[in-house]
């Protein structure tokens, strides 16, 4: 079920919400019933897409629970390490089978020039997210950080519907104490106001901005011919904006929904386009994934190196970023996406070491250009498409400047071609890009707005207006980009 | 070891790791306040602290160590 659908907003959410607080009011001891209700609702939410996915998530939860439960109860068991490795292999195996089998088989066939037939597996939604969360839990259990946890609390930690499909990736330390807190099971009008506010902000980002940009981005990326300058920039910027509003909108909605149940989910975005370098970018973009990757991939990798040297750190960074790229999906464009990030992070570290600092404006400008380029690779199904767009962006094809923008004489003098006037659609695209650049570079982000939030009539009226606008947009139901990862 | 002693030793290690004696530290200082303190230098800092105090941190504790106060408290429970 999508957050941006009528059935979610008008049926699923109100029912889950009301029953949750009714149970909270009447349950005297513990929270078993209340947790069970949220688990049931979350599984329904998940199974609504495809009933057969349910068996995958349920078995993943049960197997992980059994292993971790044993490890917690018998911390000195002889089979501690083998059991831990078994758990790890189970999770990686699940991810490997559903995410990378197709990719692996296709490349095998290509490499060996063979023609093995294999059945394509469908990617179960959110598998990358709920598997990562469980791997982190497993590692922490192995290292003795986790106390005994009842099954219902563990299951809810994994499948709580606001964060189940596309994050924020939560650490059990952040949410489990909140599930236990008695006061979180009671109606809290302050959190509910705030939750509705952030949910609508996210919904607007998704429905009004991301889905609109998607039309231009999709048209651009489906275009197979050469791109000229304006068209290439329009396409790449449209996708960059689409991806940002789509994913940060989803995260806002998740955070808002969490608050409706008095659960504070971690922030996932912090004005990433204001980053001054790529190291900085990863502390602002998909924050919870960066933290997971740093903690559970980069650190053990670096520690496994014979010595802590700058070169070894850089090698670890490069490998980590390639893995991070591949996590997004099984395709060579994703590996290239990760590898490019790796290279730039290494350059950033070298600059840092030599204390080279760019002026703020140029630092932000160059970082944004790099992001725009790698996002284009990220979106392109074939590298060829990305390179076609780059050729256009950097004037390697030809300049075609629409009539009416600058004087025709100047266009001809500079060797460019005079194109037709911009049509309405192109005008609208340009306006949307300018407005979005203003939003991402100049306005406060939703987490800042949340901190300053005060329930006032004018805010309520304004948000209701936005909400109604969004409702009209729900007709064009669309998936979230990050559902595919 | 008292909290203050640990704090002083941590400060010294931090200044040495980041190669910067000008850093102004207190119990509330966190990674966000110090330019040099990124995820890479964090690991260097942690391994220096580990070998100095002869302690070991779990991976899941790394994020909690991005604040001096919490770091000092955690070291205290381990030595």
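Tell me, what is the percent relative contact order of the range B:3-78, built from C-alpha pairs under 8 Å that lie six or more residues apart?
Worked out over the range B:3-78, it gives 43 percent.
Mean residue ellipticity at 222 nm from the helices of chain A, using -39,500 (n - 2.57) per DSSP H segment of n ≥ 4 over the full residue count, to the nearest 500 deg cm²/dmol?
My calculation for chain A gives -20500 deg cm²/dmol from helical runs alone.
Rg(Cα) of the range A:6-187 divided by 2.2 N^0.38 Å?
Its radius of gyration relative to the 2.2 N^0.38 Å reference: 1.19.
Helix-only estimate, please: 222 nm mean residue ellipticity of chain B, summing -39500 (n - 2.57) across DSSP H runs of length 4 or more and dividing by its residues, to the nearest 500.
Roughly -17000 deg cm²/dmol at 222 nm, from the helical runs in chain B.
What number, in percent, do you get for the relative contact order of the range A:6-187 if the mean sequence gap of Cα pairs under 8 Å and at least 6 apart is divided by its residue count?
Reported as a whole number, the value is 32 percent.
For the range A:389-485, what is the largest minus smallest coordinate of the Cα atoms on each principal axis, given in angstrom and ordered from greatest to least?
58, 34, 26
Quick one: compute the contact order of chain A, relative version, from alpha carbon pairs under 8 angstrom and 6+ residues apart, as a percent.
The normalised contact order for chain A reaches 18 percent.
For the protein assembly as shown, how big is Rg over Rh, using alpha carbon atoms and the Kirkwood form of Rh?
Ratio value, two decimals: 0.97.
Distances over 15 Å make up what percent of all Cα-Cα pairs in the range A:17-62?
In whole percent, the long-distance tail amounts to 50.
To test your reading of the geometry: what angle, between 0 and 90 degrees and rounded to tens, separates the Cα axis of helix A:13-26 from the longest principal axis of chain A?
For A:13-26 against chain A, the angle is about 30 degrees.
In whole Å, how far is the Cα centre of the range B:1-64 from that of the range A:1-72?
Result: 40 Å between the Cα centres.
Quick check: the angle from helix A:101-111's long axis to the longest principal axis of chain A, C-alpha only, nearest 10 degrees?
Approximately 50 degrees, to the nearest ten.
Where does helix A:229-260 land angle-wise versus the long Cα axis of chain A, in degrees 0 to 90, nearest 10?
20 degrees
Using the Cα atoms of the range B:3-78 to build a convex hull, what is its mean projected area in square nanometres?
Averaged projected area of the range B:3-78's Cα convex hull equals 4.4 nm².
Bear in mind these aren't lab numbers, they're just calculated from the coordinates by the rules spelled out. The structure displayed is predicted, hence computed values, not measured ones.
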